[in-house]
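All remarks here apply to the structure that follows.
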Amino acid sequence: MDIYLTDLETNDRLQFPMLPEKISTRTGAIFQSYNMISVGDIKLPMSNELDGASWNGIFPGRARQFQPHVRAWREPQNIINLLDVYKTAGKKLRLMVTETPINMDAYIERFDGDYSGGFGDYNYNISFVQASQSIQSLLSTIIIRQ
């Protein structure tokens, strides 16, 4: 398994250097509730919530760059800076986790972490939210329905 994050505008790709123990995904639906006197509560699906993925991981420091579980080592601060640019700019990215069904256009929803240990490691938490339709596409869909 490998984790890749691709900038959709430039096709620059980041391979995460170490795999997390687990990756959490989320999905759901939005329901409209009705209370009917003779029937009771009824819930009807109205739309989907945005999907997402998140995990906790480590960007290994220079002292651990040649360990066998480190895939594509990069200076942790370089990765942190890149992810911060993506998050701050609201860049649409392609998140792909090989050997899983995770392959979606997404935005970084949250990214934080701390420096730890004597190896120069950076422990981080990251979460992604699936990119929804563009505003123009959404507005044209609403206009067509009316």
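The values are calculated or read from the model by the stated rules, or taken from the named source; none is laboratory data. These numbers come from a predicted model, not from an experiment. Methodologically, a virtual Cβ is constructed for each residue, glycine included, from the backbone with ideal geometry; neighbour enumeration extends over all protein chains shown.
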Among the residues of the range 6-20, what is the count of those that are charged (D, E, K, R) and in contact (Cβ under 8 Å) with a residue 12 or more places away in the chain? 2
Matching residues, the range 73-101, being of a type in the set (A, V, I, L, M, F, W, C) and either under 19 Å from Ala53 (Cα atoms) or touching a residue at least 40 places away in the same chain (Cβ under 8 Å) (or both): Trp73, Ile79, Ile80, Leu82, Leu83, Leu93, Leu95, Met96, Val97
Please work out which residue is modelled with the lowest pLDDT, limiting yourself to the range 1-32 and to residues that are part of a loop (DSSP other than H, G, I, E, B) and of a type in the set (Val, Ile, Thr). Thr27
Near pairs, Cβ below 9 angstrom, 6+ apart or cross-chain, from the range 108-136 (of a type in the set (S, T, N, Q)) to any residue that is at pLDDT below 90 and part of a loop (DSSP other than H, G, I, E, B): Asn123/Gly117; Gln130/Thr27; Gln130/Leu50; Gln130/Asp51; Ser132/Leu50
